[in-house]
Amino acid sequence: MNTKNLVLMAMLVSVGAALYLIIPGFSGGMKPDFMLTMMFIGIFLFRDVRSVFILALTTGVLSGLFSTFPLGFFPNIVDKLITAFVIYAVIVLLKRVSTHLIGATIIAGVGTLLSGFIFLSVAIFILGVELPFSALFIAVVLPAVALNGVAFFIIYPIVTKLMERSSFTRTATTS
């Protein structure tokens with residue numbers, strides 16, 4: 001792993017954190033996690049286990065620190081680690097589909113759905129936070145899937161074009 005990759009991953013996570021902080025909450029203060037979108041972009045760009053782990057851990061910790069959900073720190077870390085490696089496995093298994101923008105966007109949407117499911121499951125069933133799972137899933141996770149899908153569809157091509165113009169070597173092109 002080289003310094004250029006680390007810098008770009010840090011930039012992606014910081015843009016995600018900035019978006020997360022400025023996006024207003026809905027449904028009782030809940031908000032979509034745009035750091036998740038940036039984590040997915042990073043996974044698509046840097047398809048190696050170490051990069052996925054670094055992206056998942058930093059995204060999980062920052063999401064946990066900024067979370068407005070009661071006891072949201074631990075569920076954020078667990079959710080990002082599991083989601084990142086599941087999406088990494090999907091990208092590796094569906095290599096042909098994941099190279100197209102529509103396929104990549106669908107994978108990111110499914111990843112957001114999985115992330116929301118894991119987050120709510122950990123928060124409600126393991127930590128014992130007394131909130132209605134299905135209501136939160138419908139009110140928060142499903143809109144987040146749509147918003148993250150649109151954000152991914154817009155941001156991913158921009159980032160890849162910038163990387164091509166700057167002669168940045170992607171791990172994705174070599175795997």
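The values are calculated or read from the model by the stated rules, or taken from the named source; none is laboratory data. Since the model is a prediction, treat every value here as computed from it, not as a measurement. Backbone-built Cβ (ideal geometry, glycine too); neighbour counts: all protein chains shown. Ligands, DNA and RNA are stripped out before the accessible areas are found, and what is left, the full protein with its side chains, is counted by its heavy atoms. Shrake-Rupley method; radii C 1.70, N 1.55, O 1.52, S 1.80 Å.
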Just to be sure, is residue 153 in contact (Cβ under 8 Å) with a residue 12 or more places away in the chain, touching a helix residue (DSSP H, G or I) at 6+ places or on another chain (Cβ under 6 Å), under 16 Å from residue 34 (Cα atoms) and open to solvent by 20 Å² or more (accessible area, probe 1.4 Å)? yes
Identify all residues within region 54-104 that are farther than 25 Å from residue 128 by Cα and charged (D, E, K, R); write none if there are none. 95, 96
Between 103, 16, which is over 15 Å from the mean Cα position of the chain (by Cα) and open to solvent by less than 50 Å² (accessible area, probe 1.4 Å)? 103
Residue match in region 124-131 (condition: open to solvent by less than 10 Å² (accessible area, probe 1.4 Å) and either of a type outside the set (Val, Ile, Thr) or free of Cβ contacts under 8 Å to residues at least 12 places away in the same chain (or both)): no
Apart from one, (1) open to solvent by 60 Å² or more (accessible area, probe 1.4 Å); (2) at pLDDT 85 or above all hold for residue 36; the odd one out is (1)
Matching residues in region 63-85 - criterion: being surrounded by fewer than 21 Cβ atoms within 10 Å (Cβ to Cβ) and in a helix (DSSP H, G or I): 64, 65, 66, 73, 74, 77, 78, 81, 82, 85
